[in-house]
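Notes to accompany the following structure.
The values are calculated or read from the model by the stated rules, or taken from the named source; none is laboratory data. In this text, all values refer to a predicted model and were calculated from it rather than measured experimentally. Here the Cβ positions follow ideal geometry from the backbone for every residue, glycine too, while neighbour counts run over all protein chains shown.
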Number of protein chains: 2
Amino acid sequence: MHRRDFLRNTTLAGAAIGIQNQAFSYIPSENMKDKIRLGIIGVGARGYETLKLALYRKDVTVTSVCDIDPNHAARAEKAVVEAGHKKPALYTRGDYDYRRMLHSKELDAVLICTPWEWHTPMSVDAMRMGIAVGCEVAGAASVEECWQMVRTQESTGTPFMIMENVCYRRDVMAALNMVRQGLFGELVHLEGGYQHDLREVKFNDGKQYYGGGVEFGEKGYSEARWRTQHSVYRNGDLYPTHGIGPIGSFINNNRGNRFVSLTSMASKARGLHQYIMDHPQGGASHPNATIQFRLGDVVTTSIQTAMGETIVLSHDTSLPRPYSLGFRVQGVKGLWMDINKSVHIEGRSPAHKWEPADAYFKTYDHPLWRKYEKDAADAGHGGMDWFVLHAFVEALKNNEPMPLDVYDHASWAVITCLSEQSISQGGAVQSFPDFTDGRWINRKPVFALDDRY
Amino acid sequence: MHRRDFLRNTTLAGAAIGIQNQAFSYIPSENMKDKIRLGIIGVGARGYETLKLALYRKDVTVTSVCDIDPNHAARAEKAVVEAGHKKPALYTRGDYDYRRMLHSKELDAVLICTPWEWHTPMSVDAMRMGIAVGCEVAGAASVEECWQMVRTQESTGTPFMIMENVCYRRDVMAALNMVRQGLFGELVHLEGGYQHDLREVKFNDGKQYYGGGVEFGEKGYSEARWRTQHSVYRNGDLYPTHGIGPIGSFINNNRGNRFVSLTSMASKARGLHQYIMDHPQGGASHPNATIQFRLGDVVTTSIQTAMGETIVLSHDTSLPRPYSLGFRVQGVKGLWMDINKSVHIEGRSPAHKWEPADAYFKTYDHPLWRKYEKDAADAGHGGMDWFVLHAFVEALKNNEPMPLDVYDHASWAVITCLSEQSISQGGAVQSFPDFTDGRWINRKPVFALDDRY
């Protein structure tokens with residue numbers, strides 16, 4: 001039985017491990033928590049890295065691990081024990097065993113590091129059980145899916161954080177610092193995206209994580225097993241958050257500003273087919289050579305905001321290219337561009353000339369990075385993963401609002417399905433729902449205001 | 001009397017210097033011409049530079065100069081005489097004196113370097129008189145204006161070239177060479193634009209060409225006198241050709257491919273007002289501080305082509321920023337980006353790494369640049385202006401098709417009014433007319449195929 005069918009059946013039947021909707025299921029403790037009992041759902045390529053970060057922390061105990069692959073669970077168990085912790089409970093009995101974990105009463109919080117299509121049902125189930133959620137990033141398949149996350153968070157009161165690590169990238173936080181100190185003046189235009197050659201992620205030999213073959217789906221391993229299907233069936237900006245997350249911080253998204261509308265255009269789809277054709281393990285006779293990929297190689301989305309900024313997002317994951325999130329932050333007084341690592345500030349830079357961004361980023365290094373540089377040094381992804389977990393744990397311990405919350409999540413993730421809709425309508429304008437029900441007008445920024453988290 | 005009123009009156013009255021529509025008014029000579037008798041309309045900032053380039057050439061005689069400013073005409077006359085040529089005839093009797101020049105029978109060809117709104121009427125008049133036209137670039141105010149150019153060229157047979165110099169920029173031509181030799185593989189996505197801080201062009205002190213004050217319109221001088229008005233009244237990509245011209249060459253626009261649709265979004269308009277407020281000659285009490293500029297500081301246009309490429313164009317002329325046309329040429333095998341001067345070619349570049357573009361551009365230097373590098377060395381705008389004039393003169397002398405023709409012009413210039421339409425409709429999709437009446441399917445590329453022009 002597939003998970004979705006099971007979910008439907010258990011919901012209908014109210015099966016033992018089904019999750020009931022519980023209003024106000026989260027009861028915040030009156031005092032600061034010293035220690036967070038943490039479970040992780042999904043300890044594959046990404047979740048295992050997250051687990052290792054959690055094991056660094058003295059204020060976290062990893063009590064539970066869930067994965068449909070027993071080998072992954074065993075590897076995680078080993079890491080927990082080797083870090084000097086108690087053996088965690090393992091949940092490996094298939095797709096819905098995570099619900100047994102949520103019922104275990106061993107957990108204050110759960111990290112969700114599973115394939116995209118599981119983020120919403122797992123987050124919703126955890127929030128309904130009053131278990132705080134730190135959810136990995138993804139795009140949404142429907143607008144309603146985003147609303148479900150929002151309404152569940154609102155009705156249960158359970159803390160939810162979207163774990164967008166790039167919001168904590170050192171240069172991005174320095175740029176945010178510069179924005180807040182007014183260096184760029186009033187913001188006018190921003191760019192970002194996900195420009196990452198994922199061909200060796202989308203295809204492998206069924207054994208190793210990256211490359212070595214042109215297999216995916218049932219014959220693929222790890223991300224190639226599920227992620228590549230989205231490139232076969234969907235055409236839109238599948239992965240908007242690494243670009244739009246930081247931009248959301250820059251423009252105070254849902255906090256005095258919001259995304260209002262978008263249009264999206266997709267190029268032809270050539271890269272993945274070409275990769276299969278050219279690969280030593282592929283070629284014209286390989287069964288995958290006949291597959292038509294729907295995902296345009298480059299998807300460009302233009303967004304308008306309530307305060308009049310424009311945003312251009314790129315999604316470019318099927319062609320040979322160096323990695324670049326392509327940030328641009330442009331205001332009345334100057335701009336930063338990521339791709340050439342340069343800044344121009346009027347009155348400070350030589351007229352009409354670029355300066356290296358490095359010097360600015362040293363001067364405007366965010367207080368959080370200054371304080372925690374050493375702690376983050378050993379962590380993955382340039383340290384930003386350390387910061388996103390740190391923020392989740394600290395906000396939870398202190399009963400404070402999550403710095404990247406369910407409204408951030410919904411307004412970022414919805415870009416994926418709005419982008420698909422726009423492309424399917426030849427580029428027609430799509431409106432963003434206001435997931436805050438108008439509260440964006442008066443909500444105040446909370447992200448990284450000081451050096452705590 | 002204003003020019004437009006005069007035009008209407010003279011057309012109605014069939015006045016002596018009115019221009020009648022003449023089918024097949026251009027009679028190509030049977031033999032190659034040795035020498036082109038050239039007139040120039042508009043010898044201000046731009047036209048004077050073009051004039052000086054024409055004076056370098058042994059196969060051109062500048063017989064006529066037209067300008068509404070007698071000082072400009074006198075300066076031009078001086079330059080012609082100093083170059084050892086016969087004194088040119090001067091036409092300075094107001095807006096329509098160019099028609100007297102067109103009637104003079106002194107001309108084989110005319111270069112049009114006047115404000116944007118004059119390009120179409122002057123080009124149309126010259127074509128009707130059988131005088132070949134080299135027209136400076138601009139955007140169109142209406143779709144019909146583009147059709148008028150196309151239909152006039154078709155009915156008269158008069159050669160028309162749109163003088164887009166960036167098509168001849170050395171790196172752009174090397175990139176074209178790389179495209180044609182298949183280095184990038186099948187093209188997928190392209191970017192370009194006009195990102196140029198024009199604030200000291202849009203405002204001056206009424207005496208000097210650039211800067212020194214916040215005046216424009218009647219109190220401004222040179223471009224500030226007319227160009228800035230477009231920023232007050234219009235909101236769209238006002239100047240698309242420097243970006244889209246080269247991209248048109250890369251994708252074989254109107255020659256096996258064409259632009260099909262676009263959407264356009266404009267940011268808020270802040271830069272020009274801020275400039276007036278901050279300028280020592282400006283400030284809150286300056287009359288221009290109350291003006292509301294309609295032109296969004298950054299206008300982004302996404303274009304779809306018949307062959308499935310996407311194109312993103314930027315227009316960004318009102319904010320402090322270093323100059324950049326922001327080219328990106330991306331295919332199945334790799335990409336070039338202008339802003340970081342880098343290339344990545346699969347199998348040749350280190351995986352996931354950029355290489356400096358310079359080495360590629362040296363290897364793939366276009367034959368035209370190799371041959372004429374020294375001739376172009378003294379010319380303005382990095383030599384590209386020399387090449388665009390060279391192409392016009394050579395094609396004309398040889399009775400060969402213009403390398404950048406009226407279909408190029410129409411499909412580039414129409415972006416401006418389609419962009420305005422899209423923005424006024426909140427980003428709605430606009431369709432490009434097929435100015436070739438379907439002939440784009442079978443037309444073959446002609447631009448820069450060899451080292452002649």
Selected residue [in contact with a strand residue (DSSP E or B) (Cβ under 9 Å, 6 or more places away or on another chain) and either assigned by TED's automatic domain parsing to the domain that holds A:Ser261 or in contact (Cβ under 8 Å) with a residue 24 or more places away in the chain (or both)] from A:Asp405, A:Asp365, A:Asp378
A:Asp405
Filtered residues of region A:286-321 (kept if more than 20 Å from A:Ser231 (Cα to Cα) and either of a type in the set (Lys, Arg) or facing another protein chain (nearest Cβ under 7 Å) (or both))
A:Ser302, A:Gln304, A:Gly308, A:Glu309, A:Thr310, A:Val312
Would region A:404-423 turn up any residue that is surrounded by fewer than 24 Cβ atoms within 10 Å (Cβ to Cβ), outside any helix (DSSP H, G or I) and away from chain B (no Cβ under 14 Å)?
yes
Could you say which residue among B:Thr300, B:Thr290, B:Thr305 is assigned by TED's automatic domain parsing to the domain that holds B:Leu418, closer than 23 Å to A:Thr317 by Cβ, surrounded by fewer than 24 Cβ atoms within 10 Å (Cβ to Cβ) and of a type in the set (S, T, N, Q)?
B:Thr305
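Can you find, within region A:424-449, the residue that is nearest to the chain's Cα centre (by Cα) among those that are charged (D, E, K, R) and either surrounded by 14 or more Cβ atoms within 10 Å (Cβ to Cβ) or within 14 Å of chain B (Cβ to nearest Cβ) (or both)?
A:Asp434
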Is it fair to say B:Val133 is buried (at least 23 other Cβ atoms within 10 Å of the Cβ) and either of a type in the set (Gly, Ala, Ser) or at pLDDT 95 or above (or both)?
yes
Selection status of B:Leu313, assigned by TED's automatic domain parsing to the domain that holds B:Met265, under 22 Å from A:Glu186 (Cβ atoms), in contact (Cβ under 8 Å) with a residue 24 or more places away in the chain and buried (at least 24 other Cβ atoms within 10 Å of the Cβ)
no
Only one of A:Asp237, A:Asp278 is charged (D, E, K, R) and closer than 22 Å to B:Ile311 by Cβ; which?
A:Asp237
I need the full set of residues from region A:273-285 which are surrounded by fewer than 18 Cβ atoms within 10 Å (Cβ to Cβ) and either within 12 Å of chain B (Cβ to nearest Cβ) or in a strand (DSSP E or B) (or both), in order please.
A:Met277, A:Asp278
Out of all the residues in region A:326-340, is one or more in contact with a Gly (Cβ under 7 Å, 6 or more places away or on another chain), of a type in the set (A, V, I, L, M) and more than 8 Å from every other protein chain (Cβ to nearest Cβ)?
no
Being at the interface with chain B (Cβ under 10 Å from one of its Cβ atoms), hydroxyl-bearing (Ser, Thr, Tyr) and in a loop (DSSP other than H, G, I, E, B) is the filter here, so list the residues in region A:341-384 that pass it.
A:Ser349
Name the residue that is nearest to the chain's Cα centre (by Cα), counting only residues in region B:219-272 that are charged (D, E, K, R) and within 14 Å of chain A (Cβ to nearest Cβ).
B:Asp237
Residue hits (region A:243-272; assigned to a loop (DSSP other than H, G, I, E, B) and over 26 Å from A:Asp408 (Cβ atoms)) are A:Ser267, A:Lys268, A:Ala269, A:Arg270
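Results for (1) surrounded by fewer than 21 Cβ atoms within 10 Å (Cβ to Cβ); (2) polar (S, T, N, Q); (3) out of contact with any Lys or Arg (no Cβ under 8 Å at 6 or more places or on another chain), shown as yes or no for each residue.
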residue	(1), (2), (3)
A:Asn31	yes, yes, yes
A:Arg37	yes, no, yes
A:Ile41	no, no, yes
A:Gly44	no, no, yes
A:Gly47	no, no, yes
A:Thr61	yes, yes, no
A:Asp67	no, no, yes
A:Asn71	yes, yes, yes
A:Lys78	yes, no, yes
